[in-house]
């Protein structure tokens, strides 16, 4: 590191990581969520059943060109590059804030700003889950750079005497785009509000610029409000029920915390420990307000995890924590504790590399493992094409699956055929393709990784289902899963309709 500046090393590490992301992005098929959000781009609307529309809108130019998965994944990779750059910049700005507001002792005690920025970048690169968000476009992939952008504006508010009109316009645009990305952007808005409240000397509520920013944000999110209004607020109802999850249990919270530590790495926690211990001298109110960009969403998701949650939901929050962790890690690096940082960084990086290899190898099929989660990423392209051919040859009315997670890939890879999900759960497929008409015949796809018995008994069932074909997914000589195709005739809807 003596031959390169910290900023140069940060750029080198980012470029190396980006190359790995590109290689993975062009090597595997769409995951269930990626296919689902790519379908958003094929069915443009003001909003959607489960999420706001930006995740679909942003993909529309590439999806409309019928590009392959790898090219479409350039969007999340670009967003990741913006996010990692903003992590570096926010670290620099936080460092300057601490220098400008504190004594000369603290100024001399802090490591250089570029060193802190490098450590923040390395902390993100060594965390496993951010790599998932950089390859697959999820709403959290969009919310991450927007949250960091709002954090940048918060730092500008704390460092400047007042906001210009352009500052307020940028803040309003970021808030509106965040609202178009994911409903949980409201947590980031609360964090920004805390920053405004933390400095009582600056008037903001009565400023015309603040009102202008609020109007811009409301205008941007108005498509979501309008769509929900005309659709009986189904998206909000779904999110409330989804966030509540199942029966609440403390053990789920403990599991959530453990998964978070593994997913984002103990290196972040070590950095925060040294930040609080060695860099927490004064202006605590402003720093606490900035840290709320992490603690507000993380605390809420941790509380909700008692009913069930997913680890990537906290991704934007961890990115907002990285600048503080970077300052703490840079401080620890100047002390006799750098061996701890070295060991944790190497271990986390090895974990990421093992994960990359595991995905490329198609996972591991073993009797000791109940299921191979990576098998879900292989075979759907061929399955969709085969299903489309069989459905056309049999003159079927469309394709059917028995769970929505199977429907996303089926609809993407067998387009433009309609895909019907044969369950009692209302979802986006009901809005896209409607209910399966009575008397219809479909090509039923069954996948060994989530197998169901053909619906030929009960109030809502087909008159008959005849097996047509099947194929086994082989990857590097390993059998990952099997797809089964049946022609099911004469659908009788006895109350399945929502």
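Given the alpha-carbon gyration tensor of segment 250-314, what are the semi-axes of its equivalent ellipsoid in whole angstrom, ordered largest first, with each equal to the square root of 5 times an eigenvalue?
25, 14, 9
Over the alpha-carbon set of segment 1-154, work out the extent along each principal axis and list the three values in angstrom, largest first.
58, 34, 22
Relative to the longest principal Cα axis of the chain, at what angle does helix 165-181 sit, 0 to 90 degrees, rounded to 10?
Helix 165-181 sits at roughly 30 degrees to that axis.
Report the percentage of all Cα-Cα pairs in segment 6-360 whose separation exceeds 37 Å, rounded to a whole percent. Write out the running numbers ahead of the final one.
Numbers: 11003 of 62835 pairs.
Result for the distance tail: 18 percent.
Between residue 15 and residue 214, what is 0.36 nm times their sequence separation minus the Cα-Cα distance? Round to one decimal in nm.
Values: separation 199, 0.36 × 199 = 71.64 nm, distance 3.71 nm.
67.9 nm is the gain from fully extending residue 15 to residue 214.
Hey, how many Å between the Cα centroid of segment 392-467 and the Cα centroid of segment 1-35?
Taking the Cα centre of each part, segment 392-467 and segment 1-35 sit 38 Å apart.
Which order, highest average first, do 45-57, 382-394 follow once you tally other Cβ atoms within 10 Å for each residue and take the mean per peptide?
Ranking, from highest mean packing down: 45-57, 382-394.
Between helix 32-42 and the chain, what is the angle of the helix's C-alpha long axis to the longest principal axis, kept within 0 to 90° and rounded to the nearest 10?
Relative to the chain, helix 32-42 is tipped by roughly 80 degrees.
Once the Cα gyration tensor of segment 398-498 is diagonalised, what are the square roots of 5 times its eigenvalues, in whole Å and ordered largest first, as equivalent ellipsoid semi-axes?
Semi-axes (√(5λ), whole Å): 23, 16, 12.
Based on the Kirkwood radius over alpha-carbon pairs, what value in µm²/s does the Stokes-Einstein equation return for the translational diffusion coefficient of segment 365-429 at 10 °C and 1.306 mPa s? Walk me through the numbers before you get to the answer.
Values: Rh = 12.9 Å.
In µm²/s, the coefficient rounds to 123.
For helix 404-413, report the angle its Cα long axis makes with the longest principal axis of the Cα atoms of the chain; keep it between 0 and 90° and round to the nearest 10°.
80
So, by mean Cβ neighbours within 10 angstrom, what's the order for 469-479, 427-437, 139-149 with the highest one leading?
Details: 469-479: 13.3, 427-437: 17.3, 139-149: 27.4.
Result, highest mean Cβ count within 10 Å first: 139-149, 427-437, 469-479.
Read the figures in this text as sums done on the coordinates, not as results from a lab. Predicted model only: the values in this text are computed from it and were never measured. Positions of Cβ are generated from backbone atoms using ideal geometry, with glycine treated the same way; all protein chains shown enter the neighbour counts.
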